[in-house]
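Bear in mind that the values in this text are calculations on the coordinates, not laboratory data. None of these values were measured; they are calculated from a predicted model. Neighbour counts run over all protein chains shown; Cβ positions are idealised from the backbone, glycine included.
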Amino acid sequence: MNDAQQSDFILTLFIGTAGMLLLAGGIVFFVLFYQKRMLKSKIEKQEMEANYQKKLLKATIDSQEKERERIASELHDGVGAMLSTVKLYLNLLSPEASANQEDAESLTDTKGLLDDTIETVRGISKELLPKALEMSGLTKAVEELCDKIDNPKGLRVRFAEEGAEKRLEKEKELLVYRIIQELINNAIKHSQAQKIEVKIGWQNGTLNLAVMDDGVGFDMDEVNQRSGKDRGIGLYTIENRASLLNADVDFSNNQEGGARIELSMQVG
Amino acid sequence: MLLGSISSKLYYVSVFSVLVPLTIFIINWKSRNSLIRLLGLLVITSALGDFVPFISARIVPISGNLYNLFQFLLLGLIFRRLFDNQAIYKVINILMVGYILLCVIQFLTVGIAVRIESLRYSSAFIFITLSLCFYFKMIKDLEVENLLKYPAFWFNTAILIYFSGNLFIYIFSEMLPQTHRFYMPINAVFNSTKNLFFAYAFWLNYKSERVGFKLSVR
């Protein structure tokens, strides 16, 4: 091989090496740039999907609330009014006017049962649409809820509040109220608790809510392993409502035993 | 003369650059990440290969050929771990068996005491391809938020740059013995780059394990 051919070879070697290096560098930069772009579009897509899910969830909860409102007003204004009219008519009948003793006793029993029915209908109507929430705010409504469930001979439900309440949007107050309602229901149904404590705190623009009981507590392994509906409809509904509030929910067990659920959210 | 002086300086830089990833690997010693362990083994093999000429220049071709074989097997194991895919797993296994057979045939026919360049450029082709495939996987999977903080990315980049940079010199060395004088400086530059990238991969893994979250491959 002559000198000219050798020089050509060496030139090819350097051009080839430089070319390969440029190509490798180009590929590395392309990967970095393209991966970032793909990741950005993936995150945007995920955010869009999450927003859509949130809107869907909100629409479902709104329609549930509307349905509750409709049933509550039907019960209060329809069934309740009719029962009151029946009571009025029954009151016109005097037990003394009855032909015999048995009829008189039946009339008194019927009146008693009717009173209970009217009271039950009122209770259901109130539960479906807590008037206190709109009129007096979240703290008062939750206090009423606790008082209603509290039973000195059985399950005790204690309520405590801290800080000055800040009124929220009607929708938000209803969501928080429903969460508390669900947490208390869960404790009654599953925890075998003797005592439930509900605490509401308004500090530094944050609403801190805690519901604690002295029951069996959570099986944390099971709670952590499962997600979504597998955790149970109750917890799933709570998580969904909390996501609409942009609130953090923490499920844990008390050191002394029993469950502890904490929720915190910014209230401006 | 000037080339010789630069070449010898680059050679020493290249040889001692292996101590950088080796030191960080020793700090990372307790890492449970299998990729890091395999990479550490590769760095130890590389250090042994680099320091052999200080012991005896006569065994350099033998150690070079054996180093090629071990390097191929270790890189094969690392890529097998990185892809975590049954089909690629099988392909890499076939490539590893094939390379061992090629080495045995070459050692028997050409002899182990002669530097066999075909072993080098065949492995360069294979690992450039695997490296490109791994980049494709990273783009496709989108599992890593920031590639620059991902040890496997730096390992892969080191492999791509090292083999791409050396490919032509491996091919030309066999065809034209005169190009041997360029072999050392070119190889030294890319070997040092590879070692520094490996060191950064070890460092990223060390940092991620200390703060308690996983940045390295699963």
Overall form of the protein assembly as shown per C-alpha gyration tensor (a/c, 1.5; a/b vs b/c): prolate
Gyration tensor (alpha-carbon) shape descriptor, region A:229-268, a/c threshold 1.5: oblate
Region A:84-236, dipole about Cα centre (Lys/Arg Cβ +1, Asp/Glu Cβ -1), debye to the nearest 20: 580 debye
Per-pair calculated FRET efficiency, R0 = 45 Å: A:Leu93 and A:Lys189 via Cβ, rounded to 0.05: 0.60
Residue pairs, from the table A:Lys55/A:Lys140; B:Lys9/B:Lys30; A:Lys55/A:Lys166, whose Cα atoms sit over 32 Å apart: B:Lys9/B:Lys30
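Within a Cβ distance under 15 Å of B:Val97, other residues only, what is the Lys/Arg minus Asp/Glu net charge?
Taking every Cβ under 15 Å from that of B:Val97, the sum is +2.
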Inter-chain shielding of B:155-161 (mean C-beta neighbours from other protein chains, 10 Å cut-off): 3
Chain B: angle of helix B:180-211 to the longest principal axis, Cα-based, in degrees nearest 10: 20 degrees
Links that overshoot a 26 Å alpha carbon limit, given the list A:Lys172/A:Lys199; B:Lys149/B:Lys194; A:Lys40/A:Lys170: A:Lys40/A:Lys170
0 to 90° range, to nearest 10: angle between helix A:233-245 axis and chain A longest Cα axis: 70 degrees
C-alpha center-to-center spacing [region A:131-159, region B:38-82] in angstrom: 75 Å
Reachable aspartates and glutamates, given that their alpha-carbon falls under 19 Å from the alpha-carbon of A:Lys42 and they are not under 8 places away in the same chain: B:Asp141, B:Glu143, B:Glu145
Region A:190-268: C-alpha gyration tensor shape, a/c 1.5 cut-off, then a/b vs b/c: oblate
Residue among A:Gln194, A:Gln46, A:Gln203 with the largest mean-square fluctuation in a Gaussian network model of chain A, springs linking Cα atoms under 10 Å: A:Gln46
Test item: Cα-centred dipole of region A:166-268, Lys/Arg +1 and Asp/Glu -1 on Cβ, debye: 440 debye
Among B:Val97, B:Ile6, B:Ile36 - extreme Cα towards positive end, dipole of the protein assembly as shown, charges at beta-carbon: B:Ile6
Cβ charges +1 (Lys, Arg) and -1 (Asp, Glu), total dipole of region A:1-96, debye: 100 debye
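Highest mean first, what order results for A:139-146, A:151-158 on Cβ atoms within 10 Å? Before the final figure, lay out the partial values.
Values: A:139-146: 19.6, A:151-158: 11.6.
In descending order of packing, they fall as A:139-146, A:151-158.
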Straight-distance crosslink candidates among lysines, where the alpha carbon sits under 25 Å from A:Lys111 and sequence neighbours closer than 8 are dropped: A:Lys87, A:Lys126, A:Lys148
Net +/- balance of residues flanking B:Gln71 in space, Cβ distance below 13 Å, scoring K and R +1, D and E -1: +1
